[in-house]
Structure formats: structure tokens, C-alpha cells
Amino acid sequence: MKPSKRGFITIGQILAPWGISGQLKVEVVTDFPQRFAPCSKVYINRQPMNIESTKWHKGKAIIKLDTIDSIEGAQRLQGQPIEIHHSQLQPLPKGQYYHFQLIGLEVWTTQGKLVGNITKILTAESNDNYVVKGNEGEVLIPAIEDVVKSIDLNKGCIIIEPIEGLLSLNQKTTNKGSRHIQ
């Protein structure tokens, strides 16, 4: 999930109308698919709407909103993000964070060196990897206990203990307009 504008978090993307009665095919981009349950409140273009019904088809949500009753109405929403308000976030267990909370945080080493800021997060089965862009280029930092020592959302920083070669192994730098891996 990501913050699309202050106070709202994207949980899905409307792909296309589904049928002729105003249903919508939605790409779900939340770890909590129950957000698409009937009676749930969502926002499209900052307008609150309620989900009347939901069914699932090949990993996509097929939803019917209370305010859309025609294929024409559904077509007008194609490509729009479906959002929730910040106040609707599910609490996470201690030590777990939403990706949007981590994007933009400064990454510092335990020795006090600024590595850069997290620009995106790559999700893998074993662990996430933070893409960190700094003055020396871009590096991938594995989000594992051996490396990430602390996360402080209030201070806006993450402290890492880089294992040997980590900061140079995955570093991308710019050289005369071309990108290469060192």
C-alpha cells in the first residue's frame, strides 16, 4: 500500500467494468483483502462509497459500489485508485510496518554514515529489500534482523549494521549517463 495523497492509502486499482450493471474489476494491492468485504467504506476521487457486494475471480475482486449502477458509470472509474482513509488502517504487530510508512525514511549505519533514503520496497518470499538512494548511488538493503537494527518512524530513520560488502555489492552508480553495477 502507498499513500496516494496525505491521509489516504491506495488499496486497489479499478481495472475495468465487469458486466453491465456497474460492477468493477479491481486489482487488489493490500495485504488485507477483507477491506473489500460488503459494507466496507472506500474512497474513489476522495468520495466515500460503500461496497454492496464482492466476489473473487482469478485473484481479482469484482465489486459493486452503492453509487454505480451502469456500465457507463463503471467506465468513468476505470483506472482510478480505490483508497481508504488513514483512520481505517489495521494495527500491525510490534515491529511490523506498512510499506508507505518506510518510504522516504533516512537509512543510517551504526557508525553514523548516511546511506540515503528508501525510495521503494521490493517484496520477496524470504524478506523485503529496501531500495535506498543516496549520494553514492542506489543500494539494496535486506530487511533482516542481522542488518536492520532499529526503525524509528518519529525520527524518520532506520539504523542498519551493514554486513561486509553490502553497501558496495548492490550499489548502482552513474558513469557518463550509463548505469552499471559495481
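Observations, loosely collected:
- Any hit, segment 163-178, residues being modelled with pLDDT of 85 or more and not in a loop (DSSP other than H, G, I, E, B): no
- Among residues that are without any contact (Cβ under 8 Å) to a residue 12 or more places away in the chain, surrounded by fewer than 16 Cβ atoms within 10 Å (Cβ to Cβ), outside the structural domain of ASP152 (by TED's automatic domain parsing) and not hydroxyl-bearing (Ser, Thr, Tyr), LYS94 is included.
- For beta carbons closer than 6 Å, sequence separation of 6+ or different chains, a first residue in segment 38-49 that is of a type in the set (D, E, K, R) and a second that is surrounded by fewer than 17 Cβ atoms within 10 Å (Cβ to Cβ) and not in a loop (DSSP other than H, G, I, E, B), the qualifying pairs are LYS41/PRO48; LYS41/ASN50.
Residue-by-condition table, conditions (1) at pLDDT below 95; (2) in contact with a Phe, Trp or Tyr (Cβ under 7 Å, 6 or more places away or on another chain); (3) more than 16 Å from GLN80 (Cβ to Cβ); (4) surrounded by fewer than 15 Cβ atoms within 10 Å (Cβ to Cβ):
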position	(1), (2), (3), (4)
LYS5	yes, no, no, yes
ILE9	yes, yes, no, no
ILE14	no, no, no, no
TRP18	no, no, no, no
SER21	yes, no, yes, yes
THR30	yes, no, no, no
GLN34	yes, no, yes, yes
VAL42	no, no, no, no
SER53	no, no, yes, yes
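- Residue in segment 74-85 that is in contact with a His (Cβ under 8 Å, 6 or more places away or on another chain) and more than 30 Å from VAL132 (Cβ to Cβ) present: no
- Verdict on ALA61 being surrounded by 17 or more Cβ atoms within 10 Å (Cβ to Cβ) and outside any strand (DSSP E or B): no
- Residue within segment 3-13 that is over 22 Å from ILE118 (Cβ atoms) and without any contact (Cβ under 8 Å) to a residue 24 or more places away in the chain present: no
The values are calculated or read from the model by the stated rules, or taken from the named source; none is laboratory data. For clarity, every value in this text was computed on a predicted model and none was experimentally measured. Virtual Cβ from ideal backbone geometry, glycine too; neighbours counted across all protein chains shown.
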